[in-house]
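Before any comments, here is the structure.
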Amino acid sequence: MVDSVAGIQRASVPQVDKGALRIALGGVFISGLGPLLVRDSPVDAAATAFWRLVIALPAALWLARRAEPLPPRAKALAILAGLLLAADLVLWNRAIVSTTILEATLLVMIYPLLVALGGFLIWRERITGRLGIGGALAFAGLIIMTLGPVSGQSSVSGNLYAVAAAVFYSGCMLITGRLCRAYPTIAVTAWSFVGAALGSLPAAWFEERFLPTGLYGWAYLGLYGVLTLVGYLLINRSLGKLPTALVAVLGYGQPVVATTLAVPLLGEVPGLGDLAGAIVVVVGLVLATRPAKAAEI
């Protein structure tokens, strides 16, 4: 009898889909390239967001041609998620070039908290103790990473751009997460790209460097477009199988990826504070993704 009860308890423990977790981590890794690519983009901030989406859009629509079509309401919601994504990308890119990388990164990373809070308030999605503690630990690691010497000029407007970007991306993740649980990931991604491309165009159109010049500029944005498509497909596919709050918390790994890749790509060697913070982030993410024990229920 005791064994039967214990078996029922173990069966009721929510398990993390390891395959979906690996997919999410792949998306986080690709997303970690973002700050490095934005910094050296051949066009301005909003134009970078626009072209990466426009270049990715035809491939996304082609991949979605055989997927189950989205009903009108789901299609409208996917486009809305894309508009929110466009606002996030434009504001985030402007934050990167307007204020210090330290402040922009730290402020935009409040979005996992907003996603978790929104999921609880709107859909009563449960936040486990491990996820909460792991997320808090990962955010603490991020703060440690930003405690070193600061280069660049702080800007109030740039900081506000980062906070606004976090709010818009939170809304995008909440909507996309619900859609990807009910409809094909590629279809949701394709229609969200439609909204994102349309949403980023007005801001990009009036920038001084809207069009890339030369073969290198187009090749640069072409590569960025491919990485954009792959990254969002991986993230959105994981959203269909993992709690939205968990996928959001995994985003804390992006600065760790960016810091690591900056060594071979930009020659920026991290200090001891960066390394210590990165270790704390990784420990927090490991804790957040570990399955709960039966005794914790």
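The values are calculated or read from the model by the stated rules, or taken from the named source; none is laboratory data. On a predicted model such as this, the values are computed, not experimentally measured, just so you know. Because the Cβ atoms are built from the backbone with ideal geometry, glycine has one as well, and the counts that use them run over all protein chains shown.
Please go through segment 243-285 and give me each residue that is outside any helix (DSSP H, G or I) and either touching a helix residue (DSSP H, G or I) at 6+ places or on another chain (Cβ under 8 Å) or in contact (Cβ under 8 Å) with a residue 60 or more places away in the chain (or both), ordered by number.
Of segment 243-285, the ones outside any helix (DSSP H, G or I) are 243, 251-252, 267-271.
Within segment 243-285, P243, G251, Y252, E268, V269, P270, G271 meet the criteria.
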Tell me, please, whether a residue that is modelled with pLDDT of 95 or more and either out of contact with any strand residue (DSSP E or B) (no Cβ under 8 Å at 6 or more places or on another chain) or under 16 Å from L106 (Cβ atoms) (or both) can be found in segment 157-168. yes
Segment 244-289 - residue that is at pLDDT below 85 and under 16 Å from R126 (Cα atoms) and, of those, surrounded by the fewest Cβ atoms within 10 Å (Cβ to Cβ): T289
Just name the residue that is nearest to V226 (Cα to Cα) out of those in segment 39-54 that are among the aliphatic types (A, V, I, L, M) and buried (at least 20 other Cβ atoms within 10 Å of the Cβ). L53
Filter result (out of contact with any helix residue (DSSP H, G or I) (no Cβ under 7 Å at 6 or more places or on another chain) and in a loop (DSSP other than H, G, I, E, B)) within segment 180-211: P184, F206, E208, L211
Please tell me if A76 is crowded, with 21+ Cβ neighbours inside 10 Å and among the aliphatic types (A, V, I, L, M). no
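Return yes when V97 is farther than 21 Å from L233 by Cα and not in a loop (DSSP other than H, G, I, E, B) and no when it is not. Before you say what the answer is, go through the steps one by one.
Working: farther than 21 Å from L233 by Cα: yes; not in a loop (DSSP other than H, G, I, E, B): yes.
Against the criterion (farther than 21 Å from L233 by Cα and not in a loop (DSSP other than H, G, I, E, B)), V97 qualifies.
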Looking at F50, is it over 17 Å from A204 (Cα atoms) and touching a residue at least 12 places away in the same chain (Cβ under 8 Å)? no
Please go through segment 36-45 and pick out each residue that is more than 14 Å from D88 (Cβ to Cβ) and part of a helix (DSSP H, G or I). L36, L37, R39
